[in-house]
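**Student:** Here it is, the structure, as structure tokens.
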Amino acid sequence: TEPNTTIYITPRCITVGGHPANVTYSVVLPLAGSVYTCENIVQNTSVPGNSLAGSVVVSDKKIAITVSDDSVNPSGGGGCYDMLGDQLVPTDVIGKEYIVNKGFLNSGSDESAYITATENFTTISVEDINGISTKILNQGDTYQYSITKQLTHVVADKNVYVNHMSGYGCELGSAILPPLNCAGSSSVSFPRTNSFSFLLNIVCPAGSEGDFVVNGSTTIVQASDFSPVPGTGGLFVGAQISVPTSVISSGSSNFISNSSELFS
């Protein structure tokens with residue numbers, strides 16, 4: 001974003017240009033708007049040590065970082081090959097607690113939460129209705145947790161990133177999740193672009209689940225749609241609500257709000 005920006009990169013795997021894993025190198029971007037691409041040269045990123053996940057980037061001026069992984073094919077099949085990606089956020093705005101609301105991938109496809117530690121000796125606890133899984137990670141380590149239940153709670157004792165890989169059918173997508181201390185929104189606009197199955201995934205503080213209004217209606221999202229998020233002591237609830245075209249039509253622009261609490 002500024003001229004003469006020096007960037008220090010410590011990649012987790014060998015990259016284009018022959019930069020070895022876990023060895024820091026520097027790049028100078030001379031102009032505002034200049035772009036540098038750090039690319040993994042190994043195709044199979046499912047093998048440990050072959051992924052850029054957990055690479056450390058430090059700069060002397062403000063920068064934007066986007067990540068992507070192309071031609072990702074879900075294990076559940078279906079012939080879909082998709083690009084996953086998102087813009088990263090800096091380490092000072094991530095958190096220690098997250099909720100993952102399961103998407104709508106085909107049964108057997110590998111919906112996952114990828115949890116990346118930013119400090120050594122970070123303890124991670126992941127809980128759904130089946131129980132708790134615990135891991136200890138060092139800086140740059142990533143723990144892949146398969147999402148099989150609708151609501152999953154992630155807690156760490158130090159700040160972590162959580163990247164949610166989800167999707168629809170066999171079509172994949174991914175996003176960096178906001179931590180619970182990021183609060184959410186009091187209102188959100190969203191489109192419905194076609195007549196395929198349409199689902200609203202909502203997480204909110206308990207007690208506010210009956211206060212949603214969608215396009216002026218209080219019947220589309222109801223308190224009975226929600227379930228407690230495991231591991232939150234009943235403080236948070238979540239829902240996945242299927243909405244027919246008779247309620248929200250194809251090609252429409254829509255608005256959801258909550259009168260009592262922030263939600264996501």
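The values are calculated or read from the model by the stated rules, or taken from the named source; none is laboratory data. Owing to the predicted nature of the structure, the values given are computational and were not obtained by experimental measurement. Note that we place each Cβ from the backbone using ideal geometry, even for glycine, and neighbour counts take in every protein chain shown. These accessible areas exclude ligands, DNA and RNA; they are computed on the full protein's heavy atoms, side chains included. Shrake-Rupley method; radii C 1.70, N 1.55, O 1.52, S 1.80 Å.
**Student:** Any chance you could count how many residues in segment 178-193 are crowded, with 16+ Cβ neighbours inside 10 Å and over 21 Å from N258 (Cβ atoms)?
**Tutor:** 0
**Student:** Being among the polar types (S, T, N, Q) and in a helix (DSSP H, G or I) is the filter here; which residues of segment 83-102 pass it?
**Tutor:** If the condition is that a residue be among the polar types (S, T, N, Q) and in a helix (DSSP H, G or I), then T91 is the only one that fits.
**Student:** Which residues, taken from segment 202-248, are closer than 20 Å to S259 by Cα, within 23 Å of the chain's Cα centre (by Cα) and hydroxyl-bearing (S, T, Y)?
**Tutor:** Once the filter is applied, which keeps residues that are closer than 20 Å to S259 by Cα, within 23 Å of the chain's Cα centre (by Cα) and hydroxyl-bearing (S, T, Y), segment 202-248 yields only S227.
**Student:** Going by the structure shown, is D128 among the charged types (D, E, K, R), over 30 Å from V247 (Cα atoms) and open to solvent by less than 50 Å² (accessible area, probe 1.4 Å)?
**Tutor:** It is true that D128 is among the charged types (D, E, K, R), over 30 Å from V247 (Cα atoms) and open to solvent by less than 50 Å² (accessible area, probe 1.4 Å).
**Student:** Across segment 64-83, what is the number of residues that are at pLDDT below 90, of a type outside the set (D, E) and surrounded by fewer than 18 Cβ atoms within 10 Å (Cβ to Cβ)?
**Tutor:** Of the residues in segment 64-83, 7 are at pLDDT below 90, of a type outside the set (D, E) and surrounded by fewer than 18 Cβ atoms within 10 Å (Cβ to Cβ).
**Student:** Follow-up question, since we're still on this one. Has segment 192-201 got any residue that is under 18 Å from the mean Cα position of the chain (by Cα) and either without any contact (Cβ under 8 Å) to a residue 12 or more places away in the chain or under 30 Å from T118 (Cα atoms) (or both)? Talk me through it step by step, then tell me what you get.
**Tutor:** So the first thing to find is which residues in segment 192-201 are under 18 Å from the mean Cα position of the chain (by Cα), and the list is 199-201.
Narrowing further to those that are either without any contact (Cβ under 8 Å) to a residue 12 or more places away in the chain or under 30 Å from T118 (Cα atoms) (or both): 201.
Within segment 192-201, one or more residues are under 18 Å from the mean Cα position of the chain (by Cα) and either without any contact (Cβ under 8 Å) to a residue 12 or more places away in the chain or under 30 Å from T118 (Cα atoms) (or both).
**Student:** A further question on this structure: Tell me, yes or no, whether segment 170-177 has at least one residue that is open to solvent by 60 Å² or more (accessible area, probe 1.4 Å), closer than 30 Å to Q144 by Cα, hydrophobic (A, V, I, L, M, F, W, C) and modelled with pLDDT under 95. Show your work before the answer.
**Tutor:** Just the residues of segment 170-177 that are open to solvent by 60 Å² or more (accessible area, probe 1.4 Å), to begin with: 171.
Now drop any that are not closer than 30 Å to Q144 by Cα, which leaves 171.
Restricting the remaining residues to those that are hydrophobic (A, V, I, L, M, F, W, C) gives none.
Looking through segment 170-177, none of the residues is open to solvent by 60 Å² or more (accessible area, probe 1.4 Å), closer than 30 Å to Q144 by Cα, hydrophobic (A, V, I, L, M, F, W, C) and modelled with pLDDT under 95.
**Student:** So which residues in segment 93-112 are of a type in the set (A, V, I, L, M, F, W, C), under 12 Å from V160 (Cα atoms) and surrounded by 18 or more Cβ atoms within 10 Å (Cβ to Cβ)?
**Tutor:** I94
**Student:** While we're here: Kindly check whether there is at least one residue in segment 49-65 that is closer than 27 Å to L199 by Cβ and in a strand (DSSP E or B).
**Tutor:** no
**Student:** Looking at (1) acidic (D, E); (2) modelled with pLDDT under 95; (3) open to solvent by 30 Å² or more (accessible area, probe 1.4 Å); (4) under 16 Å from the mean Cα position of the chain (by Cα), which is the one condition that is false for D86?
**Tutor:** Condition not satisfied by D86: (2).
**Student:** Can you list the strands (runs of 3 or more DSSP E) lying wholly within segment 103-159 that have 1 or more residues being of a type in the set (S, T, N, Q), over 19 Å from D92 (Cα atoms) and at pLDDT 95 or above?
**Tutor:** Correct list: 122-128, 131-137.
**Student:** Okay, moving on. Would you confirm whether any residue within segment 14-29 is assigned to a loop (DSSP other than H, G, I, E, B), in contact (Cβ under 8 Å) with a residue 12 or more places away in the chain, surrounded by 15 or more Cβ atoms within 10 Å (Cβ to Cβ) and touching a strand residue (DSSP E or B) at 6+ places or on another chain (Cβ under 8 Å)?
**Tutor:** Yes, segment 14-29 has at least one match.
**Student:** Can you give me the number of residues within segment 90-102 that are more than 11 Å from the chain's Cα centre (by Cα) and not basic (K, R)?
**Tutor:** 7
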